[in-house]
Structure formats: C-alpha cells, structure tokens
1. Scan the range A:58-74 and give yes if some residue there is buried (at least 17 other Cβ atoms within 10 Å of the Cβ), in a loop (DSSP other than H, G, I, E, B), within 14 Å of another protein chain (Cβ to nearest Cβ) and of a type outside the set (K, R), otherwise no.
2. Pick out, from the range A:185-240, the strands (runs of 3 or more DSSP E) lying fully within it that include 3 or more residues that are more than 25 Å from A:S90 (Cα to Cα) and touching a residue at least 60 places away in the same chain (Cβ under 8 Å).
3. Would you confirm whether any residue within the range A:134-152 is modelled with pLDDT of 90 or more and within 30 Å of A:C317 (Cα to Cα)?
4. Which of the residues that make up the range A:167-193 are within 18 Å of A:T114 (Cβ to Cβ) and away from chain B (no Cβ under 12 Å)?
5. Modelled with pLDDT of 85 or more and over 21 Å from B:G135 (Cβ atoms): which single residue out of B:V246, B:V275 fits that description?
6. Among (1) under 21 Å from A:S60 (Cα atoms); (2) away from chain A (no Cβ under 14 Å); (3) without any contact (Cβ under 8 Å) to a residue 24 or more places away in the chain; (4) of a type in the set (A, V, I, L, M), there is one condition B:V224 misses while meeting the rest; what is its number?
7. Contact list please: Cβ distance under 6 Å, first residue in the range B:240-254 and facing chain A (nearest Cβ under 7 Å), second residue surrounded by fewer than 17 Cβ atoms within 10 Å (Cβ to Cβ) and at pLDDT 90 or above, pairs at least six apart or on different chains.
8. Out of the residues in the range A:113-132 that are surrounded by fewer than 21 Cβ atoms within 10 Å (Cβ to Cβ) and among the small types (G, A, S), which is farthest from A:V169 (Cα to Cα)?
Amino acid sequence: MPLLTVDNLSVTFTGDDKRPVRAVDGVSFGMDEGEVLGLVGESGCGKSVTSLALMGLLPSRGVEVGGRVHFDGIDVRSLPARRLRDMRGSQLAMIFQDPLSSLNPVVPIGRQVTETLRRHKGMRGKAARERAAELLDRVGIPDPARRLTEYPHQLSGGMRQRALIAMAVACAPRLLIADEPTTALDVTIQAQILDLLGELVRSEGTSLLMITHDLGVVAGLCDNINVLYAGRVIEASSRQQLFANPHHPYTAGLLGSVPRLDAPRGEALTPIRGSINDTIDWNDGCAFAPRCDHYTMECLTGTPELVPAGEGHQHRCVNPVNLDPGPADADRHGHVAEGDNVR
Amino acid sequence: MFRYILKRLLQLIPALFGLSILLFFWLRLLPGGPENTLLPDDASAQQREALRESLGLNEPIIVQYGLFLKRLGEFDFGNSLQTGRPVMEEFTTRFPATAELAIAAMLIAVCVGIPLGYFAARKRGSFLDSSAVAGSLLGICIPVFFLAAMLKVVFAEKLGWLPSAFRLGAGARFTEITGFRVLDSVLTGEFDVTVSALGHLILPGLALSSIPLAVITRMTRASVLEVLGQDYVRTAESKGLQPTVVRTRHVLRNAMLPVITAIGLLTGSLLAGAVLTESVFAFGGIGSFIYESTQQRDYPAILGFLMLIAIIYVVVNLLVDLSYTLFDPRVRVR
C-alpha cells in the first residue's frame, strides 16, 4: 500500500466578490514509503497550494478543497482538527521556502525546535534541549548548544534553512514535504541543503515530496517526477524517463530552456513562449495549447486525459513529442539523466 | 545597556533646554501678568509696579531667562506666585493623584484593549469585530471632557453608583506615605480606604482611558491580522502545536511589538487628557493646578510643571523602549 495517495485533489479560492480561481484542478498521485517525488512546475501552477492542502494548512475561509488524501490508509481530509494536529509535525512535516520569514523572529531557535519535541514526544527541560542540540548538529549547524539560544536574525540564510529542517525532522516524520526549500538561498548553499535533505531521507527512510520550479533540484534527488501545469499533472514518470524522453511539449520545453554549459557561445536560450497567464480552462481543451508549438484543433476539444505511455510513464497530451525517441533527442536530453545539476 | 540608558538621559538635556526657551518666551507673549491677577482689581498702578519689581519682571527678559536657568541648574524652579510655596513641592504633592489616574486609565486601556483587539482580529468581520472598530472610532472622536461629564452625570448623579468627585469619600481617614492612595492604604492595611480610592478612580479612569483604549484596540487588531498571515505562524501550525501555543507564543508575542510602542507614546496624551478629566471630577492632580497657574500667569509654576512633565514623559518612554528590548531580540542593545 502506498504511504500517500492523492486522488482528484482540487483547491478553489473563492474571494468575496471575485471570480473563483481554481488553483489545483484534479491532481492525483501516489507515494511509496521512502520514495522521493518531485512536483515540478512554474510559479502559479498550484504546487505550493497542493502541499498546503496535503498538510491541511489552507485557511478555512474562502477556500474550497475537494478530492481525497490518504496517508497511511487514513483519510486525512476527514480527520478532526485535533487528530490532524497530532499528525502534523510528527508523521507529516514541512519545510518552507523562505527560512527567515518562516521562523518566529522573537523566539530563540532552541525553543522553536523543542516546542515540537514537547508537543509530540513529551520531552521537556534538559532532555529536550539536548535532543535539540543533537538535531542541530545532525543538520550540520556548528556549535549547536550556542545556536539554541540565538534568534533567527543571528543566523545566516543557510543556517536558518538547516534549523527549519531540524524542526521538521525532529520527530522523525514518515513524510517530509519540502516547498522550494532552496529558492531563497544562493547556489552553493542550495547544493549543501539538497545534499543534506537527500542524506536525511535516505538514512531515515523518510518519504520526501520535493516541490520546486527548478529541474536542477529534482535531477539530483528525485526518484519520480510529476510535472504540473495550470493545476493538473501533465506528465508523470521516473526521473530517468522524464529527462531522457519527455512526452509533453511543456516538459520538453522546460528541459529545452535550461541553460547548458556545453552550448556554443552566444547561443540564445530557447524559452517557452507566452506565460502561464495565457492558459485556457481545462474544460475547453489543453490549458497549455495557447503556448504550444505542436497544438492542433484536436487539442481544443475536451480535457485531455492522463494516459499511460510506456512503463510508469503518463502524459496528458494528444500530440505528444518524443514517443519514439530518435537518436538526436536522446543525445539532447540524455546527459542530465544521472543526477547532474542542470544549471 | 547602562551606556544606552545614560545616552538616552543625556539626550534629555538639549530637549529640555529647547523646551525651556520655547515655554519661557511663549508665556511672556500672553497678555496680562501676575500683577493683574494676584492683586485686587482696585490696586493702584504703584502697587502693581511694585509687585512686578519685586518679582523681577522688570528686568530685561534675557536676564530673567538667565536667572531662571541658573536656578534650574540647582534644580530649583522658584516659588509659585499663587501659593508662595516652592514649585517642586507643589508638584510632588499633586503628581501622585495624576499618576494614579493615568495608571488606572492605562490599565483599563491595556486590559480591555488588547483582548478586544485580539478577538476582533480572530473573528474578523463578525459582530464583535465591527462593534470594536466602530467603538474605537467613537472613543477617538468623543472629546474627553464631554465623555467625563456624561459619565459623571449618568453614573454618579443620576444612578448614584459611583462617587462624582474627589479622591476619597468625605471624612475618610488615611495615612499618607507616597501620596498614591491605593498603594498607601494597602501598605497600611486600611482596606476601606483602598476600596474608596478605587471607587473614586473608576469614572475618571474610564473617561481618561477612552483614547488609549481606542488606539490600543485598533493597533492590536491590525497587528494581529498582520501576524496571522505571517509565514512563521504557518510554520508553527505545520508543527502541529496546540492552538494556545500558536496564539500566545507565535501570534500575540509578535503582535504586541507595535502596541508596546503605542503605549509609550500614549502616556503623553494621558497627561494632557488628565488636565480636563481632573477638573471635571475635582481630582486635585497637576492638571487643575496647571490650569489655575495659566489663569493666574503663575510663570514659575507653569514652567516648572511643564518641564517636570516633559522629564517624566521622556523617562516613561525610555522605560517602554527598554521593555521593548525584552520582547524583540532584534533591537536588543549589546
């Protein structure tokens, strides 16, 4: 049985006098114990909202959530608030994007770690402080005993993100959700944080849901990847498959727009034209059609289904590319398959 | 820390110097003088002139100011023209009443305003929220003297629930230690006096609290609304913490920061408002004395009282700023 099953999850924001906005539109995926899954897409595609919905952290006002989320066989969405709180922080934990704003500025780091231990493990006093110091040490913060008494503004950006990771893994959760954990950090620190996350989940057997817009991040870390566009999964496959053989024109476009060190000097990048604002409603066809180079009239009739194509590979496209990869395509994308940083 | 306090206190000197220049020359621009108010109407011109001479008012004004500064250096504000007693003494006998009133008003404002603002923010858009917003608007708009008079008419004169004037009931016997009636009576164990003194504080305290209460309610509400949307509150929730911990440690602690600053600034308006409230309730603090002194052109008294108030205002603000560092580690003085 998979650890996490998300079935037809939808999230709609209903403002008081505004048109309802459907941020997540029928997302389904599953995760096994110990799996590292990447949820990739550009800003506004619904990836962060998906993660907040999984944690039950969306505000209750002005938000409608539909679909089912099962964690370890438990229907998370129908759990009473009290039971859900018991699970958050202990079984399900989350790391956020901006480590400075995600830490309480007026509470010492140590307190912010021990409050989780106290809540879920009943640890207090010296025992909790010692455990917190161990955790800071575990995530690579030097001189942990001193750092416990310091405040977030006294730590560097990388340190803060490490502290947030320490808080998230404090109670050895079974599923860790990381929402753009490296976006606010500079590149050298990004690599360190990714290494740390990878090492933590491998040694503890934790499942990791990695949410990012950065293909370089998923390339090194994830077993499987789901690509999101306009609130729907448009392609799902193993990492190797996806990088070697992307089916959806959007995925292919994303890979094609990554800058490459071995490209000839002065060669322009290949962007995907338009922006995510040029989306049509999924009911009117493929939401990506207005930006797609391969679209036909067929794309504008009805919602395309997520169809299997090859082993563990699914795509939502009526005119997929690379179904029969020629040698040129394999060469074009093949080299990133084994964990190179695509940057 | 000590250096910071010293620096702040030293900053007081130029401020007070400027204030003294402003007040000294400004007061002299007021028409009339003590010779018109202290002497009976039928006093002769010679008598008036003799009084001006004896008070040193005929010296060039710059010389008078110099003499004032010289005495100030010895912490002597001169004698009140109305009572003939040292200004400092007049101040110390009256200030406890005003301080007691101001503290009562601030306690009411803090104890009601912070919970009210907090729950208004939590229940945004509810009846409680809209009443709190409307009520605080009303609190800012109603003039203090009008509110004081209305409270007095309704609750003291019509309903007779609370005393209408003075600090204690008639014929009450009490022992004076600090001049703070509530504190003194608790220290000496005269609890009947404590009850009476507290009863006499309710109406003037309520009247004086209207503006700080309104400001604190609104600031708390706005601040809590802002903090509720912060990432660290979401982080706290993602840890599965109990709602009480999230609300106190993560929401309230951060939301209180701007409110603390406001409390410091509001102490100034309390001292100003006390003048009006005290006169309505015949409370006998510094307010009514300043009013009298202005009427009588009692130059030394006005100058002395206003400068002492300025010093107290700055010291209170310094204390508030110091307490702020306890709440916000980012401004902690090293």
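The values are calculated or read from the model by the stated rules, or taken from the named source; none is laboratory data. Remember, predicted model here, so these are calculated numbers, not experimental data. Cβ coordinates were reconstructed from backbone atoms using ideal geometry, including for glycine residues, and neighbour counts include every protein chain displayed.
1. yes
2. Numbers: elements: A:207-212, A:224-229, A:232-238.
Per the criteria, A:224-229, A:232-238.
3. no
4. Step one: of the range A:167-193, the residues within 18 Å of A:T114 (Cβ to Cβ) are A:167-173.
Of everything in the range A:167-193, just one residue is within 18 Å of A:T114 (Cβ to Cβ) and away from chain B (no Cβ under 12 Å), namely A:A172.
5. Values: B:V275 fails: modelled with pLDDT of 85 or more.
Answer to the selection: B:V246.
6. With (1) under 21 Å from A:S60 (Cα atoms); (2) away from chain A (no Cβ under 14 Å); (3) without any contact (Cβ under 8 Å) to a residue 24 or more places away in the chain; (4) of a type in the set (A, V, I, L, M) applied to B:V224, the lone miss is (3).
7. Going by the 6 Å Cβ cut-off, there are no qualifying pairs.
8. A:G125
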